[in-house]
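One structure below.
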Amino acid sequence: MDEVLASVAETIKNFAVIYLVDITEVPDFNTMYELYDPSTVMFFFRNKHIMIDLGTGNNNKINWALKDKQEFIDIVETVYRGARKGRDLVIAPKDYSTKYRY
Amino acid sequence: ATLADSFLADLDELSDNDADVLEEENNDVANMEEDIDGDLADIETLNYDDLDSVSKLQKSQRYIDIMQKVEDALEKGSDISNQGLVLEDDPEYQLIVDCNGLSVDIENEIVIIHNFIRDKYRLKFPELESLVHHPIDYARVVKKIGNEMDLTLVDLEGLLPSAIIMVVSVTASTTSGKPLPEDVLQKTIDACDRALALDTAKKKVLDFVESRMGYIAPNLSTIVGSAVAAKLMGTAGGLSALAKMPACNVQLLGAKKKTLAGFSTATSQFRVGYIEQTEIFQTTPPALRSRACRLLASKATLAARIDSTRGDPLGNAGKTLKEEIHKKIEKWQEPPPAKQPKPLPVPDSEPKKKRGGRRLRKMKERYAITDMRKLANRMQFGVPEESSLGDGLGEGYGMLGQAGSGKLRVSIGQSKLAAKVAKKFKEKNYGSSGATSGLTSSLAFTPVQGIELTNPQAHAHQLGSGTQSTYFSETGTFSKIKRT
């Protein structure tokens, strides 16, 4: 996930900024946001937490590693559009309910 | 009486003028006919058996003089020019000018002789003229073949490219020609000899001009080289003639006609003449050659113009132009700048460019809500609507088909655009007099039910009563509201 984030940072720098936080070094928010997965991505707009309906049941965060850069950019753009309109919950363009397909 | 007389006199003058004009016209026509006869006579003389009546150049005094001087000058070697003298007074310059004129004359002469040879040889081998275009090559081939019917005995190696030799041999085996009589053959061979002699003379003249090129036109020779410069000057007919040509013509000087015989034209270079032989052209990569040719031609024309006015005798302008050409060609060969990755723009920051206009409106009409759907969407107050499955189940029909709507069936109705157009049309055609055509009627003939009397105003108000304002109605007119 780190590679995806690093490569995307320049492309979306006009409307999004990415902060990488090590939860072992900064454990202050672990209980507040329930951060215990290997990678978690959460979205904030003007100090408000924005929820995304990904179909996984957990609307607060993306707690797996995305492989595709374009997918991630789409999610960020959707969040931005919805947040600017004042929505607290946006619907992700792709459904991840079957992400654990076997 | 005098006035009447003067009028009569005017009339007489008019008629006289007509008569004069007619006579003059007749004279002109007669003259023209004589001229045409004269021209025809000239053309006919070319068909004479005598070569000398056709090609007079070699016997002319001017030719002999100039050739003599050229040979002397060539033997003397290159002459260090007298810088002090004005160009026009230098006898060598005069010789150069004469040489230019002569080379053009020689070329014309060669064309005339070529026509002569062709006419004579047509009896023997008519297809040869379409296979071998160049007059000198044609003359050489004719001389080699002679009266031979079997081309396998004739060796054309070195005269033509081998592919053309093959085509010539194949065509000769199926040719419809017959051997020539002896005297005709002799005349043809003589004409070929003369053409070849003229060709060698032209070469000598060009060599001489080339050796003097650095003195005559230093700027031009710096750019294209002295051989090509000499050829260009020779074909143009002098330095001033070359300077007067536009650059596009200079590019085409010396361009060969396209080769036929089924060869692919994909590799043939398009529209290059003597410029092709310059060093700069030969060293450019093939992809850039047509651009380079145009560039060379334009700069060469500039240099020729400088030289014709003797503006820069040392040739510095030519050097700067050459540098320019080199720089430009190098710049063309640079790779394009690397692609920068651009960040995405902020979403929704740039408003969509909404288009308008007639075309878009017509497109939107296809998806607009029709009157039928509008009626179905609305309900009358207190009146239950009919539905497709009855009893409130299924789709509701709204105000469609309700009693009191005044219509048996809902028509599509006019679109707004059509309404506007119809209104304008009506105003144009019927608005002026105010009287409508006598054939209009308020009766509507429906196909199923027969005659239906409709009040044309009711249709307009059905939808409009509560919801549509009459301010912005397309078909509405001015209305008068009585003060109560």
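The values are calculated or read from the model by the stated rules, or taken from the named source; none is laboratory data. Quick caveat: nothing in here was measured; it's all calculated off a predicted structure. Please note: Cβ atoms are built from the backbone with ideal geometry, for glycine as well, and neighbour counts cover all protein chains shown. Remember, those area values only see protein heavy atoms, side chains included, never the ligands or the DNA or RNA. Shrake-Rupley method; radii C 1.70, N 1.55, O 1.52, S 1.80 Å.
Given the structure, is B:R366 at pLDDT below 95, touching a helix residue (DSSP H, G or I) at 6+ places or on another chain (Cβ under 9 Å) and open to solvent by 80 Å² or more (accessible area, probe 1.4 Å)? Spell out how you get there, then give the answer.
Numbers: at pLDDT below 95: yes; touching a helix residue (DSSP H, G or I) at 6+ places or on another chain (Cβ under 9 Å): no; open to solvent by 80 Å² or more (accessible area, probe 1.4 Å): yes.
Against the criterion (at pLDDT below 95, touching a helix residue (DSSP H, G or I) at 6+ places or on another chain (Cβ under 9 Å) and open to solvent by 80 Å² or more (accessible area, probe 1.4 Å)), B:R366 does not qualify.
Tally time: how many residues in segment A:69-94 are in contact (Cβ under 8 Å) with a residue 60 or more places away in the chain and open to solvent by 60 Å² or more (accessible area, probe 1.4 Å)?
Number satisfying all stated conditions: 1.
If B:T152 passes every condition in (1) polar (S, T, N, Q); (2) under 30 Å from B:A229 (Cα atoms); (3) in contact with a helix residue (DSSP H, G or I) (Cβ under 8 Å, 6 or more places away or on another chain) but one, which one does it miss?
Among (1) polar (S, T, N, Q); (2) under 30 Å from B:A229 (Cα atoms); (3) in contact with a helix residue (DSSP H, G or I) (Cβ under 8 Å, 6 or more places away or on another chain), B:T152 violates only (2).
If the requirement is being within 14 Å of chain A (Cβ to nearest Cβ) and basic (K, R), which of these qualifies: B:K352, B:K331?
Values: B:K331 fails: within 14 Å of chain A (Cβ to nearest Cβ).
Sole residue among the options that is within 14 Å of chain A (Cβ to nearest Cβ) and basic (K, R): B:K352.
Restricting attention to segment B:70-121, and to residues there that are of a type in the set (S, T, Y) and open to solvent by less than 60 Å² (accessible area, probe 1.4 Å), which single residue is modelled with the highest pLDDT? Give the derivation first.
Step one: list which residues in segment B:70-121 are of a type in the set (S, T, Y), which gives B:78, B:81, B:93, B:103, B:121.
Then keep just the ones that are open to solvent by less than 60 Å² (accessible area, probe 1.4 Å); that gives B:81, B:93, B:103, B:121.
Working: B:S81: 51, B:Y93: 72, B:S103: 82, B:Y121: 87.
Step by step, filter segment B:70-121, then rank; the result is B:Y121.
Do you know which residues across segment B:345-385 are within 49 Å of the chain's Cα centre (by Cα) and among the β-branched types (V, I, T)?
Taking segment B:345-385 and keeping what is within 49 Å of the chain's Cα centre (by Cα), we get B:345-368.
B:V346, the sole residue that qualifies.
It is to be established whether one or more residues within segment A:16-27 are within 14 Å of another protein chain (Cβ to nearest Cβ) and exposed (fewer than 10 other Cβ atoms within 10 Å of the Cβ).
Here is the first cut: in segment A:16-27, the ones within 14 Å of another protein chain (Cβ to nearest Cβ) are A:16-18.
Still in the running and exposed (fewer than 10 other Cβ atoms within 10 Å of the Cβ): A:17.
There is at least one residue in segment A:16-27 that is within 14 Å of another protein chain (Cβ to nearest Cβ) and exposed (fewer than 10 other Cβ atoms within 10 Å of the Cβ).
Quickly run through segment B:157-191 and pick out the residues that are under 27 Å from B:Q58 (Cβ atoms) and part of a loop (DSSP other than H, G, I, E, B). Show your work before the answer.
First, pick out the residues of segment B:157-191 that are under 27 Å from B:Q58 (Cβ atoms): B:158-160, B:180-191.
If the condition is that a residue be under 27 Å from B:Q58 (Cβ atoms) and part of a loop (DSSP other than H, G, I, E, B), then B:G158, B:L159, B:L180, B:P181 are the ones that fit.
What number goes with the only condition from (1) open to solvent by 40 Å² or more (accessible area, probe 1.4 Å); (2) of a type in the set (S, T, N, Q); (3) part of a helix (DSSP H, G or I) that B:S221 does not pass?
Going through (1) open to solvent by 40 Å² or more (accessible area, probe 1.4 Å); (2) of a type in the set (S, T, N, Q); (3) part of a helix (DSSP H, G or I) one by one, B:S221 breaks only (1).
List pairs: first residue in segment B:342-354 and without any contact (Cβ under 8 Å) to a residue 12 or more places away in the chain, second residue assigned to a loop (DSSP other than H, G, I, E, B) and open to solvent by 100 Å² or more (accessible area, probe 1.4 Å) anywhere in the structure, Cβ distance under 9 angstrom, at least six positions apart or on different chains.
Filtered contacts from segment B:342-354: B:P343/A:E10; B:P343/A:K13; B:L344/A:K13.
With the requirement that a residue be within 14 Å of chain B (Cβ to nearest Cβ) and open to solvent by 60 Å² or more (accessible area, probe 1.4 Å), what does segment A:3-15 give you? Let's see the steps before the verdict.
First, the residues of segment A:3-15 that are within 14 Å of chain B (Cβ to nearest Cβ): A:6-15.
The answer is A:A6, A:E10, A:K13, A:N14.
Which one of these does B:V170 not meet: (1) under 19 Å from B:A195 (Cα atoms); (2) free of Cβ contacts under 8 Å to residues at least 40 places away in the same chain?
(1)
Within segment A:60-67, identify whether any single residue is without any contact (Cβ under 8 Å) to a residue 60 or more places away in the chain, in a loop (DSSP other than H, G, I, E, B) and surrounded by fewer than 16 Cβ atoms within 10 Å (Cβ to Cβ), and answer yes or no.
Yes, the conditions are met somewhere in segment A:60-67.
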